[in-house]
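The values are calculated or read from the model by the stated rules, or taken from the named source; none is laboratory data. All figures in this text were calculated on a predicted structure; none of them were measured in a lab. Glycine also receives a Cβ, built like all others from the backbone with ideal geometry; neighbour counts cover every protein chain displayed.
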Amino acid sequence: MNNKIIFNKYKTLFLEKNNILNLISKKDEQYLEEKHIFDSLSIKLFFQKYGNKYKTLLDIGTGGGFPALPIAIEYPQIEVTGIDSTAKKINAINDIAKNLELKNFRGIANRVENLKDVKFDLITSRAVAKLEQIAKYALPLMTKDSFLIVYKSKTVQEEIKDAEKFLRKNKAKVIDVIEYKLPLEEIYERNLVVIKYE
């Protein structure tokens with residue numbers, strides 16, 4: 001199956017699950033493509049700058065599977081793990097992945113701080129918590145070659161400032177802020193905040 005067919009099937013399956021579980025708000029359903037899938041796949045802007053040689057990705061607080069599932073569909077060479085403490089959401093996205101025959105995705109129902117003795121090449125997080133809190137979750141799961149990529153809105157500079165002290169203390173820093181806009185009539189400014197160990 002080519003990607004377009006897979007993504008169409010994915011949208012259908014997602015909307016079926018959303019009817020039961022409210023993975024995203026009902027008013028957002030009409031913007032599934034623009035607000036959620038397009039946003040998730042904006043990680044391509046990171047790959048364009050930093051290469052695409054990565055083998056493993058953890059998505060913290062994956063919720064309804066964003067950005068984890070679109071990334072798993074688009075980049076079959078990356079082993080994607082989505083973690084969320086809400087079991088019913090994880091069951092739903094694991095079910096979607098199974099229906100799509102995605103071999104490179106697994107969802108874990110757990111708290112991220114319970115993950116031990118494992119490292120990831122990439123860690124993502126979208127609409128979960130403040131930047132400092134995400135960094136607290138992510139840094140123990142990173143090596144010196146790993147990247148943390150956090151999806152943020154236009155208030156990002158304030159969060160970066162608030163996280164600076166913690167990052168400095170842990171020998172990590174924001175190395176890039178990649179700006180982009182969602183394809184909507186209303187202006188939605190978005191940012192990928194890229195964090196790495198120094």
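Observations on the structure shown:
- Residue identified as closer than 22 Å to residue 166 by Cα, in contact with a strand residue (DSSP E or B) (Cβ under 9 Å, 6 or more places away or on another chain) and surrounded by 14 or more Cβ atoms within 10 Å (Cβ to Cβ) among 144, 136, 130, 152: 152
- First in segment 135-158 and within 17 Å of residue 111 (Cα to Cα) and modelled with pLDDT of 95 or more, second anywhere and aromatic (Phe, Trp, Tyr) and crowded, with 21+ Cβ neighbours inside 10 Å, Cβ under 8 Å, 6 or more apart: 141/120; 142/120
- Scanning segment 131-164 for residues that are farther than 20 Å from residue 80 by Cβ and touching a Ser or Thr at 6+ places or on another chain (Cβ under 6 Å) yields a total of 0.
- Count of segment 53-77 residues, restricted to those that are of a type outside the set (Gly, Ala, Ser) and under 26 Å from residue 132 (Cα atoms), is 13.
- The condition of being closer than 26 Å to residue 135 by Cβ, out of contact with any Pro (no Cβ under 8 Å at 6 or more places or on another chain), without any contact (Cβ under 8 Å) to a residue 24 or more places away in the chain and β-branched (Val, Ile, Thr) does not hold for residue 81.
- Matching residues, segment 178-198, being surrounded by fewer than 14 Cβ atoms within 10 Å (Cβ to Cβ) and either part of a strand (DSSP E or B) or of a type in the set (Val, Ile, Thr) (or both): 179, 181, 187, 189
- Of all residues making up segment 103-122, the number that are surrounded by 14 or more Cβ atoms within 10 Å (Cβ to Cβ) and closer than 13 Å to residue 79 by Cβ: 9
- Candidate set: segment 82-102, residues that are crowded, with 17+ Cβ neighbours inside 10 Å and small (Gly, Ala, Ser); chosen: the one nearest to residue 18 (Cα to Cα): 92
- Residues satisfying the stated conditions in segment 56-103, i.e. closer than 25 Å to residue 146 by Cβ and polar (S, T, N, Q): 56, 62, 77, 81, 85, 94
Okay, residues lined up against (1) loosely packed, with under 15 Cβ neighbours inside 10 Å; (2) touching a residue at least 12 places away in the same chain (Cβ under 8 Å):
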site	(1), (2)
29	no, yes
32	no, yes
35	no, yes
45	no, yes
48	yes, no
55	yes, yes
